[in-house]
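Asks: So that we are looking at the same thing, I have put the structure below in structure tokens.
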Amino acid sequence: MPREQKKRGRRLHQKPYEKSLPEPELDSNPVEEKQYYQDEEVQHAVGQQAFYGLLDSTQIDYFKEAEGIMTSNTFTSDEEREQFYGALWSEVNDIELKVSTDPTGSKLFERLLLAAPKEKLLDTYKAYSTRFSELSTQRFSSHCLETLLNCSRTFITSEVEQTPGLLEVATIDTENAPVTSAVSDFFAEIRNDIPRIALHPYGSHVFRSFLILCTGKELVLTSGSSVLSGKKSLGGQKKVADPAMRHYRRSDCPAVFKQFIEDVLNTMVSGITLEGGRKMALDPVSSPVLQLLIELEDDLLRCNILSIIFPTNEGEPDFMSVSFLENLLSHPVGSHFLEKMLYSCPLSFVEYLYMSFFTPRLHIICKAKGFSFAVKALMQRLNTKSAAKFSARLLDEVTDLSLQNIVLLNNIIVAISQHGSLETDVAEKVTGLCSGADNILLALLDIGSFENISARQRSGANDSLKQRSILVENLLKTIPQLSDAIVESFIAFPPETKLQFTENTIFSHVVEAILSKSDLAVPTRRKLLNDFMGHFGSLACSVGASRAVDACNITSTGLNHYRERIAQELLANRESIMRSLYGKKVWKNWNMDLHVRSSAQWKGKPLRG
């Protein structure tokens with residue numbers, strides 16, 4: 001007997017009587033396209049509508065192989081590199097839009113732009129013309145456009161140097177300043193879409209890069225947490241170190257760019273309300289934009305945005321403002337906004353918040369997770385007397401060595417290094433917290449025993465260990481009353497424990513700080529070096545211990561016999577050291593090539609830091 005044909009998907013769930021039902025009629029009054037794009041739920045998806053075709057499999061494989069060659073950087077000469085990049089530019093010619101919106105092609109094109117000459121940059125601007133708004137809000141092309149703006153900084157600086165009139169007259173000179181003219185065309189096209197681009201998940205990176213370009217501020221490459229660049233864009237830029245770094249220095253900007261900043265500020269400020277501005281401060285996309293706008297207003301001696309978000313700047317703050325500030329301190333995004341705001345806002349407003357919010361509510365707000373960020377900025381803006389008074393009150397709140405209190409102590413020590421006070425108070429507080437411990441270093445690092453110290457770097461308490469390690473480093477550099485006790489605690493360790501500490505990627509920073517102290521007594525330096533003798537070959541190849549071997553440059557100063565013994569150990573392990581990336585750096589810092597050629601010259605020449 002024949003079996004019934006099996007059905008899948010929606011056909012399976014369709015009931016027999018539904019087959020005879022008529023199809024539903026379409027809406028005779030469909031939603032207009034303009035009305036659809038104004039809907040808040042789909043507004044973020046507008047940028048995804050940009051589509052300029054797909055790369056075929058041959059092109060994708062070629063671009064992947066080319067990116068691998070660029071990453072390996074195995075070119076034998078500059079001419080070979082230029083020929084390779086020229087061939088890549090020929091491949092992307094006339095398909096820039098297709099390449100920029102492709103996940104594989106966009107990474108390659110971004111790296112091409114980082115090393116692009118002026119003519120190729122102008123060709124890219126021309127290819128992107130009339131489509132800047134779409135490309136700014138597309139997932140992959142936004143990184144390319146962001147890199148294009150960043151790379152324009154160097155050429156705009158050279159145009160300003162060759163044509164000084166650009167600094168005084170707000171005109172666009174197409175012949176003498178083509179890159180400046182191209183950036184002006186970019187702004188003219190996105191001008192009406194600024195509010196949408198600025199608050200778009202992808203467009204916000206492009207918008208911030210444009211503002212930084214127009215102000216000439218230094219654009220610092222950091223980790224993925226940078227508020228000025230996208231994470232993927234930063235990853236591509238870091239791989240091309242030499243071409244990328246020259247694009248991010250502080251530069252002079254044409255006068256016409258100042259008009260662009262004025263227009264942007266007027267457009268953005270006009271759309272910010274009290275409720276909307278406070279929501280923006282807590283949003284991960286709009287908060288960095290708001291931070292940058294406040295910074296730009298401060299450069300122009302304005303505070304329009306601050307006056308909207310904080311309408312009260314005299315007397316006691318209202319209940320809603322206090323609740324908002326407390327929310328900022330406990331919010332992962334808001335805490336960074338508050339820190340940036342304290343750095344950028346007028347000093348009078350910082351003093352107002354210090355007197356009306358931080359001082360009377362210190363006992364409550366010091367427990368917030370983001371309080372340390374605000375304290376760091378507040379300490380730098382306050383005068384010496386106020387900072388010392390506030391630090392004294394913060395010390396009273398430190399009752400144990402929990403992670404939060406460790407971060408507070410680090411901020412207090414940084415303030416001490418700037419204002420020069422409370423060193424004795426900090427020493428007494430730390431000594432009191434470690435009074436029940438036999439070893440002050442183990443107590444500060446929260447280590448109960450010498451067992452499995454090397455494994456601690458792979459534990460789940462990395463954040464706590466890093467903060468504790470930073471605290472010990474700060475104490476060694478800033479508090480003389482405790483630095484000697486910490487050094488003696490380290491010397492009391494067994495030799496095996498010293499080696500474990502040195503090889504640990506977190507604790508190695510503490511060992512480096514101890515070995516780098518220039519005021520160590522000669523007997524102390526001899527004790528430290530004797531414990532490492534016979535292990536310098538293996539330590540030089542370790543990711544953590546290599547920094548300690550470099551620090552022995554300072555420890556062995558004046559001890560020529562020890563320095564010669566270390567060099568002999570490195571020379572005996574030359575083969576394994578030269579196979580290690582960290583070993584090569586140690587070999588270079590110790591000038592071992594000179595030691596191999598002439599030991600007498602090596603002894604008379606100071607080693608590298």
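Asks: In segment 342-438, if the dipole is taken from +1 on Lys/Arg beta carbons and -1 on Asp/Glu beta carbons about the Cα centre, which of S344, N411, C366 is farthest to the positive end?
Replies: S344
Asks: If you don't mind, another one. With θ set to phi - 60° and the Karplus curve 6.51 cos²θ - 1.76 cosθ + 1.60, what are the ³J(HN,Hα) couplings of segment 259-273 in order, to the nearest whole Hz, using x for Gly and Pro?
Replies: My calculation for segment 259-273 gives 5, 4, 4, 4, 5, 5, 5, 5, 5, 6, 5, 5, x, 9, 10 Hz in order.
Asks: I need the phi-derived Karplus couplings for segment 496-513: 6.51 cos²θ - 1.76 cosθ + 1.60, θ = phi - 60°, integer Hz, Gly and Pro marked x.
Replies: 5, 5, 4, 5, 5, 4, 5, 7, 6, 5, 8, 6, 4, 5, 5, 4, 4, 5
Asks: Given a 1.4 angstrom probe, what's the average accessible area per residue across segment 507-577, in square angstrom?
Replies: That works out to 40 Å² for each residue.
Asks: Continuing with the same structure: Under the Karplus relation 6.51 cos²θ - 1.76 cosθ + 1.60, θ = phi - 60°, what is the ordered set of whole-Hz ³J(HN,Hα) values for segment 286-300, x standing for Gly and Pro?
Replies: Ordered by residue, 3J(HN,Hα) equals 7, 4, x, 5, 5, 4, 5, 5, 5, 5, 5, 5, 5, 5, 9 Hz.
Asks: Expressed in nm to one decimal, what extension gain is obtained for the pair A87 and S348 from 0.36 nm per residue of sequence separation less their Cα-Cα distance?
Replies: Values: separation 261, 0.36 × 261 = 93.96 nm, distance 5.75 nm.
Difference between extended and current length: 88.2 nm.
Asks: Hey, another quick one. Can you give the accessible area of I440 in Å² (nearest 10), computed on protein heavy atoms with a 1.4 Å probe?
Replies: 30
Asks: A follow-up question, please. Relative contact order, percent, of segment 476-609 when contacts are C-alpha pairs under 8 Å separated by at least 6 residues?
Replies: 22
Asks: Just need the relative contact order of segment 260-365 here, percent rounded to a whole number, with Cα pairs under 8 Å and 6+ apart.
Replies: 31
Asks: Using a probe of 1.4 angstrom, how much of the accessible area of segment 52-177 is carbon and sulfur, in percent? Spell out each step's value before the answer.
Replies: Working: 2830 of 5970 Å².
The value for segment 52-177 is 48 percent carbon and sulfur by accessible area.
Asks: Determine the per residue accessible area of segment 284-422 with all protein chains present and a 1.4 angstrom probe, expressed in square angstrom.
Replies: Roughly 42 Å² per residue, with all protein chains present.
Asks: Counting only protein heavy atoms and a 1.4 Å probe, tell me what percentage of segment 470-609's accessible area is made up of carbon and sulfur.
Replies: 50
Asks: Given Cα pairs under 8 Å that are at least 6 residues apart, what percent is the relative contact order of segment 318-422?
Replies: It comes to 28 percent, rounded to a whole number.
Asks: Within the accessible area of segment 245-380, what % is carbon and sulfur when the probe is 1.4 Å and the other protein chains stay in place?
Replies: 56
Asks: Under 5 Å between amide H atoms, partner at least 5 residues away or on a different chain: which partners does W590 have, H built in plane at 1.01 Å?
Replies: Amide H neighbours of W590: none.
The values are calculated or read from the model by the stated rules, or taken from the named source; none is laboratory data. Please read all numbers here as calculations on a predicted model, not as lab measurements. Quick reminder, even Gly has a Cβ in these numbers, built from the backbone with ideal geometry, and neighbours come from all protein chains shown. Only protein heavy atoms, including side chains, enter the accessible area calculation; ligands, DNA and RNA are left aside. Shrake-Rupley method; radii C 1.70, N 1.55, O 1.52, S 1.80 Å.
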